[in-house]
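The values are calculated or read from the model by the stated rules, or taken from the named source; none is laboratory data. Values in this document were obtained by computation on a predicted structure and should not be read as measured data. All Cβ positions, even for glycine, are placed from backbone atoms using ideal geometry, and neighbour counts span all protein chains on display. These area figures cover heavy atoms from the full protein model, side chains too; ligands, DNA and RNA do not enter into them. Shrake-Rupley method; radii C 1.70, N 1.55, O 1.52, S 1.80 Å.
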Amino acid sequence: MLAVAILSAWLAMTVCMWFAAIGSFGAVRRVLEGSNPQLAEMTKSLSADQTRLVMRHAASEINRTYFRAYGWAQLALGLGLLVLLVRQTPRDAAALIVAGAMLAVVAALTLYVTPEIIALGRRIDFVPRDPAPPEMPRFRMLHGAFTALDGLKLLAGLGLVARWIWKS
């Protein structure tokens, strides 16, 4: 069934994005903790904190690019799934509701939450964290909202796949 394949790709992309986002900042830590003489030579004019800040900024920009693309790819997959479900006979009302809700969540994340996170993140990238900048609580709240809604979307999608497998 094409709907299962589309939804499975969507869910797999979600899990991959979580690993990519978490991994990028872990990579910065691993690079900074490693002993690379070429990196040390190239960054000798910077303090350790400045080098860390520059590398975290690069990781943030990579994540921003990934999350923008992730949002638009999800919108395409969700729309494709919804069109497929609407054209299906007999129509599966429960699947339409779940897929529609998932698409609504993705639209909110892609069109509102992600651009807000990106804008706030760029404003605070090079701001000292002690004391925390005034934008930090909103930044954390948006990140938490994104993670929670993306997690709910993932659970809804897993539930739908399980339902389809159970029914077949």
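Annotation for region 6-34 versus region 91-107: alpha-carbon center distance of 26 Å. Accessible surface calculations at 1.4 Å, restricted to protein heavy atoms, place region 37-161 at 58 Å² per residue. Can you give the net charge of the other residues whose Cβ lies under 14 Å from the Cβ of residue 39, counting K and R as +1 and D and E as -1? Combined, the nearby Lys, Arg, Asp and Glu give +2. Considering every alpha-carbon pair of region 93-168, the percent of pairs per 5 Å bin, from zero through the bin containing the longest distance, is 3, 14, 20, 17, 13, 10, 9, 6, 5, 3, 1, 0.
For region 125-168, the pair-distance distribution built from all alpha carbon pairs, in bins 10 Å wide starting at 0, is 24, 28, 20, 15, 10, 3 percent. Atom-type composition of the exposed protein surface of region 1-98 places 69 percent of the accessible area on carbon and sulfur (1.4 angstrom probe).
Taking max minus min of the alpha-carbon positions on each principal axis, the chain gives extents of 67, 35, 21 Å, largest first. What percentage of all Cα-Cα pairs in region 1-98 are separated by more than 23 Å? Cα-Cα pairs in region 1-98 separated by more than 23 Å: 48 percent.
Stretching the chain fully between residue 147 and residue 45 yields a gain of 33.0 nm (0.36 nm per residue, less the alpha carbon separation).
Amide H contacts of residue 125: none lie under 5 Å away among residues 5 or more positions distant or on a separate chain (H built 1.01 Å from N in the peptide plane; Pro and chain starts excluded). In sequence order, region 124-135 has phi-based couplings of 10, 3, 10, 8, x, 9, 10, x, 5, x, x, 6 Hz under the Karplus curve 6.51 cos²θ - 1.76 cosθ + 1.60, θ = phi - 60°, and Gly or Pro positions carry x.
Computed over the chain, relative contact order equals 30 percent, with contacts defined as Cα pairs under 8 Å that lie 6+ residues apart. Normalising the Debye intensity of region 90-132 to I(0), with uniform scatterers on Cα atoms only, and taking log10 at q = 0.16, 0.25, 0.31 Å⁻¹ returns -0.59, -0.83, -0.96. From helices alone, the chain scores -28500 deg cm²/dmol at 222 nm; the rule is -39500 (n - 2.57) for each run of n ≥ 4 DSSP H residues, then divide by the residue total. Taking a Cβ cut-off of under 12 Å around residue 84, the surrounding Lys, Arg, Asp and Glu residues balance to a net charge of +1, with basic ones at +1 and acidic ones at -1.
List residues of region 121-161, by number, whose backbone nitrogen lies under 12 Å from a label position 7 Å along Cα→C-beta of residue 88. Hits in region 121-161 for residue 88 at 12 Å: 160-161.
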